[in-house]
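The values are calculated or read from the model by the stated rules, or taken from the named source; none is laboratory data. What you are looking at is a predicted structure, and each value in this text was computed from that prediction instead of being measured. Reconstructed Cβ throughout: ideal geometry from the backbone, glycine too, with neighbour counts over all protein chains shown. Remember, those area values only see protein heavy atoms, side chains included, never the ligands or the DNA or RNA. Shrake-Rupley method; radii C 1.70, N 1.55, O 1.52, S 1.80 Å.
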Amino acid sequence: MSILIVETLRSAFRGELIQPTDTGYEAARKVYNGMIDKHPHLIARCVDVADVIAAVNFGRVNNLLTAIRGGGHNGAGLGTCHEGLVIDLSRMKGIRVDPEAKTVRVEAGCVWGDVDHATHPFGLAVPCGFIASTGVAGLTLGGGIGYLTRQFGLTIDNLLSVDMVLANGTFVTAHSHQNSDLFWAIRGGGGNFGVVTSFEFRLRPVMMVHFGPTFWELSEAEMVLKAYRDFIAKAPDYVNGFFAFLVVPPAPMFPEHLHMKTLCAIVWCCTGLAEDVEAATRPMRSVGHPVLDHVALAPLPAANSTFDPLFVPGLQWYWRADNFVDLTDEAIALHVKHGSQLPSMLSTMHLYPIDGAAQRVGRNDTAYSFREANFAEVIVGVDPDPANAGKITDWCKNYYDALHPYAAGGAYVNFMMEEGQERVQATYRDNYPRLAEIKKKYDPHNFFRVNQNIQPAI
Ligand SMILES: Cc1cc2nc3c(=O)[nH]c(=O)nc-3n(C[C@H](O)[C@H](O)[C@H](O)COP(=O)(O)OP(=O)(O)OC[C@H]3O[C@@H](n4cnc5c(N)ncnc54)[C@H](O)[C@@H]3O)c2cc1C
């Protein structure tokens with residue numbers, strides 16, 4: 001991109017404009033997934049809404065492929081692009097908690113660890129995900145599944161309003177009474193409709209949680225998974241625990257004899273009184289012969305960031321996902337077969353419960369559609385070594401292919417790779433035509449297309 005063109009943006013821009021020849025470009029172009037290796041022409045690192053408006057106008061006027069980067073965590077690498085413009089929000093980190101109203105306003109460059117840090121001293125929290133370094137923006141716009149989903153719904157079910165810059169450069173606020181079509185669409189529709197510059201969330205009264213894993217040998221995995229399926233369906237909303245196949249890392253917190261063993265597990269994160277949690281979870285924690293069972297009181301931010309030291313930026317990631325209404329015995333047998341063959345220490349399969357409060361919202365009430373699904377499955381191949389990229393990808397695809405016939409038809413958009421239009425439509429189902437109409441209204445030329453793309457209605 002010529003220096004002359006970039007200079008036209010600089011006069012209206014207070015943040016950093018980073019080009020391939022600049023020191024810092026290599027670090028700035030990297031995203032979380034080490035498999036993604038894209039070279040944008042320009043990274044516009046915004047510091048405020050005015051910068052975002054300038055960057056959107058610049059991208060549109062110069063007809064640049066334009067990506068939006070929040071936390072940079074997207075598995076498919078949709079927070080960056082090749083030979084285009086990246087609108088990078090990572091410096092927009094403002095957060096304001098209103099403890100009276102129990103709301104928080106969060107700028108779009110925050111990660112969930114930033115939000116936890118700001119809200120925890122007030123004894124309040126936003127239901128978010130399982131890793132603190134994930135971006136608020138991308139996670140929220142796709143839906144948001146986490147430890148508090150069964151009790152308080154998806155992250156979008158706790159979203160009150162957003163500020164946005166549209167494709168034509170105008171700034172709007174969207175909530176249930178203002179630009180309500182847009183507010184409906186962004187709750188699950190991803191970055192298709194504009195750049196969200198800040199989010200306002202309702203806060204929930206959660207400070208401490210009962211957190212920790214129960215581990216079982218693989219020989220008991222089939223029995224445990226069947227018991228888990230039946231247990232979680234009847235468990236009270238304050239009980240949350242996701243099922244996993246995992247390799248125990250060689251960390252001092254785990255007994256040495258379990259290090260590097262492939263096991264199955266439930267990772268618990270429950271709110272409420274200790275005696276209630278104990279009574280509610282004990283039947284599941286007593287199934288078979290657990291090799292470790294350690295649930296203890298922990299601050300929610302500690303639970304939310306427990307896996308962060310393990311899953312550091314720059315690893316090779318390949319993942320596939322599906323939603324499930326039922327977990328049949330046949331599907332469980334296939335889970336055990338493939339889950340027992342994790343190809344690396346960091347590879348894993350998680351089955352997140354998405355029932356409870358998340359199901360008390362209608363499938364057409366938000367763009368996120370799969371309200372009747374009980375589980376979100378994500379099969380994750382992870383390894384630091386690029387030489388193992390093929391191995392983790394093949395394992396992941398084989399596992400996914402085996403389970404897909406038992407799935408509900410679509411996936412959680414935030415757990416998808418770039419899998420094509422058919423898959424995007426299968427995910428939004430009967431919400432897709434409405435999303436396409438709203439896309440036509442707010443982004444008729446599909447300027448925002450580096451995403452799980454919703455195409456403007458014709
Ligand atoms: C280690 C790891 C753990 C995860 N854990 C969870 C979890 O527990 N729960 C869960 O629900 N998901 C989880 N995810 C998935 C996560 O929600 C998605 O990867 C999400 O896209 C990340 O958001 P981001 O802002 O970090 O991503 P980015 O790569 O920055 O952006 C992703 C997408 O969001 C859009 N976008 C980003 N910012 C904006 C904005 N301000 N305005 C408009 N569009 C924007 C972009 O168009 C892009 O397509 C996890 C991902 C990883 C890698």
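Overview of results
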item	result
Among residues of segment 68-89, those that are open to solvent by less than 40 Å² (accessible area, probe 1.4 Å), more than 6 Å from the ligand (Cβ to nearest atom) and at negative phi, counted	8
Options Val136, Val97, Val111, Val162; residue that is within 9 Å of the ligand (Cβ to nearest atom), open to solvent by 10 Å² or more (accessible area, probe 1.4 Å) and either at pLDDT 95 or above or of a type in the set (Ser, Thr, Tyr) (or both)	Val111
Selected residue [more than 8 Å from the ligand (Cβ to nearest atom), within 30 Å of Val295 (Cα to Cα) and surrounded by fewer than 24 Cβ atoms within 10 Å (Cβ to Cβ)] from Leu182, Leu148, Leu203	Leu203
Verdict on Asn414 being assigned to a helix (DSSP H, G or I), within 15 Å of the ligand (Cβ to nearest atom) and either open to solvent by 10 Å² or more (accessible area, probe 1.4 Å) or hydroxyl-bearing (Ser, Thr, Tyr) (or both)	yes
Segment 228-257 residues that are over 18 Å from Val287 (Cα atoms), paired with ones that are assigned to a helix (DSSP H, G or I) (beta carbon under 7 Å, 6 or more apart)	Pro236/Ala280; Asp237/Arg150; Asp237/Gln151; Asp237/Gly356; Asp237/Ala357; Tyr238/Gln151; Val248/Leu258
Output for segment 357-394, where each listed residue is open to solvent by 20 Å² or more (accessible area, probe 1.4 Å), touching a helix residue (DSSP H, G or I) at 6+ places or on another chain (Cβ under 8 Å) and among the hydrophobic types (A, V, I, L, M, F, W, C)	Val361
Matching residues in segment 417-430 - criterion: being open to solvent by 50 Å² or more (accessible area, probe 1.4 Å) and in contact (Cβ under 8 Å) with a residue 12 or more places away in the chain	Glu418, Gln421, Arg429, Asp430
Number of positions in segment 392-409 that are small (Gly, Ala, Ser) and touching a Leu at 6+ places or on another chain (Cβ under 8 Å)	1
Lone unmet requirement of (1) within 14 Å of the ligand (Cβ to nearest atom); (2) open to solvent by 30 Å² or more (accessible area, probe 1.4 Å); (3) of a type in the set (Asp, Glu) for Asp116	(2)
So Val56, is it of a type in the set (A, V, I, L, M), closer than 18 Å to Gln452 by Cα, within 13 Å of the ligand (Cβ to nearest atom) and open to solvent by less than 10 Å² (accessible area, probe 1.4 Å)	no
Enumeration of residues in segment 349-366 that are in a loop (DSSP other than H, G, I, E, B) and not small (Gly, Ala, Ser)	Ile354, Asp355, Val361, Arg363, Asn364, Asp365, Thr366
Output for segment 275-331, where each listed residue is surrounded by fewer than 18 Cβ atoms within 10 Å (Cβ to Cβ), hydrophobic (A, V, I, L, M, F, W, C) and within 22 Å of the chain's Cα centre (by Cα)	Ala302, Phe307, Leu310, Val312, Val325
Hey, Val172 free of Cβ contacts under 8 Å to residues at least 40 places away in the same chain and either touching a strand residue (DSSP E or B) at 6+ places or on another chain (Cβ under 7 Å) or surrounded by 16 or more Cβ atoms within 10 Å (Cβ to Cβ) (or both) or not	yes
Residues satisfying the stated conditions in segment 242-272, i.e. open to solvent by 20 Å² or more (accessible area, probe 1.4 Å) and part of a strand (DSSP E or B)	Leu246, Thr262
Residue in segment 354-362 that is touching a strand residue (DSSP E or B) at 6+ places or on another chain (Cβ under 6 Å) and farther than 19 Å from Ala265 by Cβ present	no
Filtered residue count, segment 231-255, keeping only those that are closer than 19 Å to His289 by Cβ and more than 26 Å from the chain's Cα centre (by Cα)	2
Tabulated pairs, segment 47-67, first of a type in the set (D, E, K, R), second open to solvent by less than 40 Å² (accessible area, probe 1.4 Å) and in a loop (DSSP other than H, G, I, E, B), C-beta under 9 angstrom, 6+ apart or interchain	Asp48/Gly15; Asp48/Met92; Asp51/Phe13; Asp51/Gly15; Asp51/Met92; Arg60/Ala167; Arg60/Gly169; Arg60/Phe447
Residue tally, condition assigned to a loop (DSSP other than H, G, I, E, B) and farther than 20 Å from Phe231 by Cα, over segment 311-334	5
Those residues of segment 185-195 which are under 16 Å from Arg429 (Cα atoms), open to solvent by less than 10 Å² (accessible area, probe 1.4 Å) and within 10 Å of the ligand (Cβ to nearest atom), in sequence order	Ile186, Gly189
Hits in segment 25-46 (condition: part of a loop (DSSP other than H, G, I, E, B) and open to solvent by 40 Å² or more (accessible area, probe 1.4 Å))	Lys30, Met35, Asp37, Lys38, His39, His41
